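The values are calculated or read from the model by the stated rules, or taken from the named source; none is laboratory data. Keep in mind that this is a model prediction, so the values were computed, not measured. Virtual Cβ from ideal backbone geometry, glycine too; neighbours counted across all protein chains shown.
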Amino acid sequence: MPDKIEIDTEFITLGQFLKLADVIQTGGMAKWFLSEHQIIINGEQDQRRGRKLRAGDKVDIPGFGDFLITEK
């Protein structure tokens, strides 16, 4: 079962998500993390730090977990 990440805005970026999900410690690590790890969003690979994630989106990071974006 995926971990749920709650947002209280219309969307968050992939970079913001990584920090919110405790995958990275600081926002500055996002670019490096995305260049080193595979990220699957709704079944498609995407490495764009600015990718907008909305409620209902599923994020899979092999080795780190599966996540579901939900609304607060």
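Here's a check for you: in segment 1-60, which residue that is of a type in the set (Lys, Arg) and not in a loop (DSSP other than H, G, I, E, B) is farthest from Lys72 (Cα to Cα)? Only one residue fits best here, namely Lys31.
Checking each residue in segment 37-65 for being aliphatic (A, V, I, L, M) and touching a strand residue (DSSP E or B) at 6+ places or on another chain (Cβ under 6 Å) picks out Ile39, Ile40, Ile41, Leu53, Ala55, Val59.
How about segment 1-17: which of its residues are modelled with pLDDT of 95 or more and surrounded by 11 or more Cβ atoms within 10 Å (Cβ to Cβ)? Hits for segment 1-17 are Asp3, Ile5, Glu6, Ile7, Phe11, Ile12, Thr13, Leu14, Gly15, Gln16, Phe17. Filtering segment 16-60 to residues that are out of contact with any Asp or Glu (no Cβ under 8 Å at 6 or more places or on another chain) and touching a residue at least 40 places away in the same chain (Cβ under 8 Å) leaves Phe17, Val23, Lys52, Leu53.
Summed over segment 1-19, residues that are closer than 18 Å to Gly63 by Cβ and touching a strand residue (DSSP E or B) at 6+ places or on another chain (Cβ under 9 Å) total 7. Can you tell me which residue within segment 1-31, out of those that are more than 12 Å from Ile69 (Cβ to Cβ) and of a type in the set (A, V, I, L, M), is farthest from the chain's Cα centre (by Cα)? Looking at the filtered set, the residue picked out is Met1.
When segment 18-54 is limited to residues that are exposed (fewer than 15 other Cβ atoms within 10 Å of the Cβ) and small (Gly, Ala, Ser), the one that is modelled with the lowest pLDDT turns out to be Gly27.
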